[in-house]
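Let me begin by presenting the structure, written as structure tokens, before commenting on it.
Every number here is computed from the coordinates shown, using simple stated rules; none is lab data. Keep in mind it's a predicted model, so treat the numbers as computed, not measured. Glycine also receives a Cβ, built like all others from the backbone with ideal geometry; neighbour counts cover every protein chain displayed.
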Amino acid sequence: MSETAIPTQAALEATLREALAPETLVVLDESEAHAGHAGANGLGYGTHFRVRIGGAAFAGKSRVAQHRLVYDALQKFTDAGLHALAIEIQR
């Protein structure tokens, strides 16, 4: 992914699958609902995402540690314009 590429739902999903091998994963691009808000890029996609994820990688970890796994896996997208990430850990 180039540094100028806009993050996409499919790219986030593929990265999370590769990095964390989740048993459950849903990635939603909620950028359109945030048009005009801080961090919005004016395109209606690529800035605000919701991730619902669960699996063995999260077992026994604190909420902070679970979220850190997701943030670390998606760091390249944050660097490329991902502004907001809502994380829901599924059990």
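Under a plain spin-label model, where a point goes 7 Å from the Cα along Cα-to-Cβ, how far apart in nm are Arg50 and Ala21?
For the pair Arg50/Ala21, the computed spacing is 2.9 nm.
Considering only the other residues whose Cβ falls under 15 Å of the Cβ of Thr24, what net charge follows from Lys and Arg at +1 and Asp and Glu at -1?
On the way: positive: Arg17, Arg50, Arg52, Arg91; negative: Glu13, Glu23, Glu88.
Residues near Thr24 contribute +1 overall.
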